[in-house]
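This report refers to the structure that appears directly beneath it.
The values are calculated or read from the model by the stated rules, or taken from the named source; none is laboratory data. Predicted model, so just to flag it, every value in this text is computed and none were measured. Cβ atoms come from the backbone with ideal geometry, glycine included; neighbour counts cover every protein chain shown.
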Amino acid sequence: MGILEEINDAVIYGKRKDVVAGVEKALIEGYDAGVILHQSMIPAMTEVGLRFERNEFFVPEMLIAARAMQAGIDILRPLLVEGGVEPLGTVAVGTVQGDLHDIGKNLVALMLEGAGFEVRDLGVNVSPDHYVAAAQEGVQIIGLSALLTTTMPAMKAVIDALEAAGVRGQVKVMVGGAPVTQTYADEIGADGYSPDASSATRLAKQLLNIE
Amino acid sequence: MFDPVLPHPQPDFEALLAVLKGTRQPERVHFIELSMDGEIMQALTERYLGEDWFEWGQGFEFTPPEPYFKQVVNLYYRLGFDHAPVWATWPNHPRPAYRSGENTAALASGQRNWTEEGSGLITSWEDFEHFPWDDLQPDPRPVEYATRYLPDGMMLTVNTTYFEHIFENLLGFEGLSYLMYDEPELVDAVFEHWGRKVLAYYEAVIGMERVGGIFHADDMGFKTSTLIAPDALRRLVLPWHKRFAALAHEHGKIFCIHSDGNLYKQGIIDDLIDDVRIDGFHAFEEIIMPVTQFNAEYGHRVATLGGIDMDRLVRWPEPALRQYIRAVLDKNMPGGRYALGSGNTVANYIPLENYLILLEEGRRWGS
């Protein structure tokens with residue numbers, strides 16, 4: 001098994017120490033940081049997402065894989081910056097106003113990062129003006145999360161606020177959460193709906209026309 | 001104008017049991033709930049019973065005084081229930097971490113506390129050793145208090161949580177997730193210790209004369225999956241459920257379970273029915289498993305409890321909501337093994353008038 005495969009395997013199974021050791025070894029062997037990221041680690045997280053969608057992996061497995069991936073990225077980050085490796089896109093994620101649940105939103109953020117996006121986590125109980133500010137600062141996608149049927153309307157409030165601020169056309173809005181459906185996403189004028197964290201990465205790529 | 005309180009209720013827990021077991025055709029719609037939020041109970045009591053509500057806003061670490069249970073029992077009675085749920089309290093339990101935010105529920109005001117989803121009270125073996133396990137003893141007072149006000153024909157259902165308590169309070173869900181891989185022995189120890197506590201509670205109350213059964217609550221899934229791997233549920237959680245169920249059955253009482261989430265893809269529902277031997281299943285969402293579909297697929301094996309979708313209860317306009325509830329009753333009532341109620345709990349974010357529609361349609365059905 002080559003070193004890139006070893007790192008890939010270690011990320012998939014959440015073996016943080018093995019990821020760190022593997023990344024360090026790969027760098028010593030002369031692998032480019034971008035190659036390690038794009039040919040080993042991102043495919044690993046994609047595989048984690050697919051296994052999650054197939055109900056072969058569950059939230060704990062996804063969390064430890066993301067943690068292992070993060071440990072590797074911590075080593076690679078300065079080299080990636082130095083090498084001018086660009087993220088796939090920028091996404092601001094947050095749980096809408098009135099809702100303080102964050103596991104779903106955190107999983108989406110982890111999977112997006114694992115897919116190569118730059119993620120700005122706006123946190124929980126986020127008011128519409130914070131999403132507007134993120135759009136004005138140039139994020140390409142806004143991800144809205146809600147756990148409760150009573151906080152879903154806050155998603156519409158964000159879209160209305162983006163319209164009112166004149167930035168709706170420059171940002172894509174994707175939504176998700178326990179009570180949210182494609183029908184509701186269509187009703188409020190969102191650009192996309194995702195039922196889980198893994199498919200959220202696919203949706204983000206589609207929204208930005210990334211192959 | 002529909003008045004939800006009955007002047008002369010005639011609770012009949014035995015009839016409810018017979019309907020749920022399928023040994024008797026229902027003569028009327030029986031209602032069942034896991035719980036009602038305080039704001040809902042307060043609104044119903046003040047508006048329809050004309051009584052002041054004894055407010056009790058403390059967490060599960062405190063046992064409410066007797067007047068609280070008097071009004072809870074009376075409300076369920078006057079609404080036409082055959083049972084009243086009594087939740088366990090855990091005096092001396094350390095207060096879990098909460099985050100506080102604006103409460104957006106229709107009947108609420110001020111702030112609402114949410115369980116911290118990250119780490120819980122136990123993050124290490126040191127925390128485990130210092131946790132006051134020995135101070136957590138079963139407290140039978142809620143059942144004793146409620147029993148004093150229980151009308152003839154009515155019984156109590158006793159409730160607490162096991163897995164849910166662990167991932168909400170003891171370990172936190174993210175904490176549990178990481179510890180399952182970082183410190184699996186610690187996870188095992190926490191599940192074992194809390195399992196013993198829950199079992200001790202049920203042992204303390206199940207033999208009481210006016211306790212009709214256990215209505216255990218443990219969310220095990222979310223929209224697309226189980227919260228942790230099915231094999232982990234089978235190893236850590238279901239064996240305890242099986243013990244709780246066996247205890248209830250040894251006393252000739254029922255064991256029903258509430259769980260949110262998708263328990264269908266990986267067959268956990270079959271484990272609950274065939275191995276744990278639950279008598280009734282509760283918690284349905286239309287986007288996961290419509291209650292009518294569940295009853296069609298599993299109704300010959302287990303009773304179907306509640307099931308009126310929360311999103312619809314909250315958001316649907318009156319005509320559509322009435323039509324939906326009638327359709328649920330039309331499909332599920334014939335043959336028995338069904339009791340009407342919300343798909344989850346009567347949460348404070350359900351508009352009160354919508355919950356009244358549920359009660360009204362239940363009363364009207366078949367008449």
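Please verify whether B:Ala146 is in contact (Cβ under 8 Å) with a residue 12 or more places away in the chain and either among the polar types (S, T, N, Q) or more than 20 Å from B:Pro94 (Cβ to Cβ) (or both), treating the condition exactly as stated. Give the derivation first.
On the way: in contact (Cβ under 8 Å) with a residue 12 or more places away in the chain: yes; either among the polar types (S, T, N, Q) or more than 20 Å from B:Pro94 (Cβ to Cβ) (or both): yes.
Taking the combined requirement at face value, the residue satisfies it.
How many residues are at pLDDT 75 or above and within 13 Å of another protein chain (Cβ to nearest Cβ) when one looks only at the range B:75-106? First the steps, then the outcome.
So the first thing to find is which residues in the range B:75-106 are at pLDDT 75 or above, and the list is B:75-97.
This time we only want the ones that are within 13 Å of another protein chain (Cβ to nearest Cβ), so: B:97.
The qualifying residues number 1.
State the number of residues belonging to the range A:153-211 that are within 21 Å of the chain's Cα centre (by Cα) and outside any helix (DSSP H, G or I).
So the answer is 22.
Based on what the data block shows, is B:Tyr264 more than 14 Å from chain A (Cβ to nearest Cβ) and of a type in the set (Ser, Thr, Tyr)? Please lay out each step first, then the result.
Values: more than 14 Å from chain A (Cβ to nearest Cβ): no; of a type in the set (Ser, Thr, Tyr): yes.
Criteria not met by B:Tyr264.
Can you confirm whether the range B:246-255 contains a residue that is closer than 18 Å to B:Thr161 by Cβ, modelled with pLDDT of 95 or more and within 14 Å of chain A (Cβ to nearest Cβ)?
no
Are there helices (runs of 4 or more DSSP H) fully within the range A:1-74 with at least 3 residues that are closer than 25 Å to B:Leu263 by Cα? List them.
Values: elements: A:3-12, A:16-28, A:33-36, A:42-53.
Per the criteria, A:42-53.
For a quick check of your reading: which helices (runs of 4 or more DSSP H) sit entirely within the range B:117-201 and have at least 2 residues that are acidic (Asp, Glu)?
Details: elements: B:125-130, B:141-147, B:173-182.
Filter on the range B:117-201 gives B:125-130, B:173-182.
Since A:His101 meets every condition but one in (1) crowded, with 24+ Cβ neighbours inside 10 Å; (2) within 14 Å of another protein chain (Cβ to nearest Cβ); (3) within 15 Å of A:Val175 (Cβ to Cβ), which condition does it not meet?
(1)
Which condition from (1) at pLDDT 95 or above; (2) within 14 Å of chain A (Cβ to nearest Cβ); (3) more than 30 Å from B:Lys197 (Cα to Cα) is the one that B:Val237 breaks?
Single failed check for B:Val237: (3).
Output the residue which, of all residues in the range B:202-223 that are in a strand (DSSP E or B) and more than 13 Å from every other protein chain (Cβ to nearest Cβ), is farthest from B:Ala88 (Cα to Cα). Can you show your working first?
First, the residues of the range B:202-223 that are in a strand (DSSP E or B): B:211-217, B:221.
Filter once more, so that each one left must be more than 13 Å from every other protein chain (Cβ to nearest Cβ): B:211-217.
Numbers: B:Val211: 13, B:Gly212: 15, B:Gly213: 13, B:Ile214: 11, B:Phe215: 11, B:His216: 11, B:Ala217: 11 Å.
So the residue we want is B:Gly212.
Here is a list: A:Glu6, A:Glu29. Which entry is over 16 Å from A:Ile73 (Cα atoms), of a type in the set (Asp, Glu) and out of contact with any Ser or Thr (no Cβ under 6 Å at 6 or more places or on another chain)?
A:Glu29
Given (1) within 14 Å of chain A (Cβ to nearest Cβ); (2) among the aliphatic types (A, V, I, L, M); (3) crowded, with 22+ Cβ neighbours inside 10 Å, where does B:Ile287 come up short, assuming only one miss?
Unmet condition: (3).
Assess whether B:Ser109 counts as being within 14 Å of chain A (Cβ to nearest Cβ), out of contact with any Phe, Trp or Tyr (no Cβ under 8 Å at 6 or more places or on another chain) and either at pLDDT 95 or above or part of a helix (DSSP H, G or I) (or both).
Numbers: within 14 Å of chain A (Cβ to nearest Cβ): yes; out of contact with any Phe, Trp or Tyr (no Cβ under 8 Å at 6 or more places or on another chain): yes; either at pLDDT 95 or above or part of a helix (DSSP H, G or I) (or both): no.
Taking the combined requirement at face value, the residue does not satisfy it.
Exactly one of these conditions fails for B:Thr304: (1) over 18 Å from B:Arg28 (Cα atoms); (2) more than 14 Å from every other protein chain (Cβ to nearest Cβ); (3) in contact (Cβ under 8 Å) with a residue 24 or more places away in the chain; (4) surrounded by 17 or more Cβ atoms within 10 Å (Cβ to Cβ). Give me its number.
Of (1) over 18 Å from B:Arg28 (Cα atoms); (2) more than 14 Å from every other protein chain (Cβ to nearest Cβ); (3) in contact (Cβ under 8 Å) with a residue 24 or more places away in the chain; (4) surrounded by 17 or more Cβ atoms within 10 Å (Cβ to Cβ), only one is false for B:Thr304: (1).
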